Amino acid sequence: MTGINVTDTPIHAGSIAAAVDGSPHSDAALDWAAEEARLSGRPLTLVYAERRMGAQERGWLAQAGIPLSQLRQEIRADSEKLLQRARSAAIAVAGDMETDAVLRAGDPRELLLELAGDASMIVLGSRGHGPVSSLLLGSVSVAVSRHATCPVVVVRPREDAARLRGVLVGTDGTDHSTTTLETAFREASLRAVPLTVVHCHWEAVPPPAGWRSAHPDDPFYDDARVRLAELLGGLREKFPDVRVGVELFAGHVDHCIADLSRRHALTVIGRHEQTLLERVGSFSLTTAVLEHASGPIIVVP
C-alpha cells in the first residue's frame, strides 16, 4: 500500500483521529477532520476497526472449506484499500498533508477510546455501516463522546447549510465550562468566524419550543451576565481576533442548543456528567443534544 503508513501502534501525539468505515456519515466526518487538520496544522490519522469473526462464523468457513488465513488476507487488503480511498478524499478536501492510519481488528469503541490518550481530537460520523435499529445515535458515537479523554466531534447531518453564523458554544456559567469556552474560541479563531456564547437557565417552558429568550427582568439575568463577563474576560484577551456575542435564554438546555445549532456552522458543548438519577434513567444531556443537533458538534471532556 503506497502513500499512507498503516500501523496498529500508538499515533503521533496531537493527531486528529478520524474514524472511517466508508459510510456516508463517515465520509462527511472525514471531510470535516481533513479541514480541521489543515487549519490547525496537525497530522491526520485515519482509524478503521475491522470486525472480528465469531466462533460460529469460523465454523461455517471451516465446513465450507474456505481457508481462514486466506479470507483474513482478503479482508485486510479491502481494509487497506478503504483507508487509501479515505486518504485520497482527505487530500481532495484539504490538500496533501501528513496522514497515517491505524488498522486493527476489534471493537471501534475500544480502539477510539484507546487512541484518545494521544489524539488532540476524535472525529466520527453519527452513524456508521450496519443495521439501523432505531433513530438514536450510533453506539460508537455515544460511547466515545461519553468517555473519551480528548474532545470528540460528532458530525451530524444538516438540512440547510445556507447563512450559517459561525461557532456556537453553550456554557452553564461555572468554572467547569472554561475548557469548553476556550475550545470554542480557538475554533472560531482558526476559521476567522464570530463566536456566539449561549447560557440557558433551566426553566420548565412548555412545548413546542421548550425554551425562550431571557428578559432583563428575569431574576437570573443580571447575575448570569456578570458571571459570563468574568468567564470570558481572559479569553477575549487571549483571542482578540474573535468577535463574541452573548445570548441568554431560559428553558430546556438540550432543546435550546440543538435548535440553535441549525443556525451555526459548528457547535461546542461540554460533556455533562450524569447524576445518579440520569444514570438510572439512561438520560444524558450531552447525548440529548447530539441526538437532535445539526452539523458538527464538539463535545469537550
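Computed from the coordinates by the stated procedures, all read-outs in this text should not be read as laboratory data. In this text the structure is predicted, and so the values were computed from the model without any measurement. For neighbour counting, all protein chains shown are included, and Cβ atoms are generated from backbone atoms with ideal geometry for every residue, glycine included.
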Suppose R0 equals 45 Å; then what is the FRET efficiency for GLU110 and ALA209 from their Cβ-Cβ distance, rounded to the nearest 0.05?
-> 0.70
Under the Karplus curve 6.51 cos²θ - 1.76 cosθ + 1.60, θ = phi - 60°, whole-Hz ³J(HN,Hα) for segment 17-26, x wherever Gly or Pro sits | 9, 10, 6, 10, 8, x, 7, x, 5, 5
What residues qualify as long-range amide H neighbours of ALA18, i.e. H under 5 Å apart, gap of 5 or more or another chain, H built at 1.01 Å from N?
-> THR45, LEU46, VAL47, VAL123
What are the residues whose amide H is under 5 Å from the amide H of HIS264, where those residues sit 5 or more places off or on another chain and H is modelled from the backbone?
-> ARG165
Mind computing the radius of gyration and Dmax over the alpha-carbon atoms of segment 167-300? Å is fine for both.
-> 14.4, 44
Spatial extent of segment 93-245: Rg and Dmax, with the Cα atoms as the point set, Å = 18.8, 58
Counting DSSP beta bridges with both partners in segment 167-300, what percentage is antiparallel, nearest 5?
-> 15
Could you run the Karplus curve 6.51 cos²θ - 1.76 cosθ + 1.60 with θ = phi - 60° over segment 28-35 and give me ³J(HN,Hα) per residue in whole Hz, x for Gly and Pro?
-> 5, 5, 5, 4, 5, 5, 4, 5
Could you calculate the contour length gain from LEU71 to ARG158, that is, 0.36 nm times the residue separation minus the distance between their Cα atoms, to one decimal place in nm?
-> 27.5 nm
Mind listing the long-range amide H neighbours of HIS252? Cut-off is under 5 Å, sequence gap 5 or more, other chains count too, H placed in the peptide plane at 1.01 Å from N.
-> GLU203, VAL205, TRP211
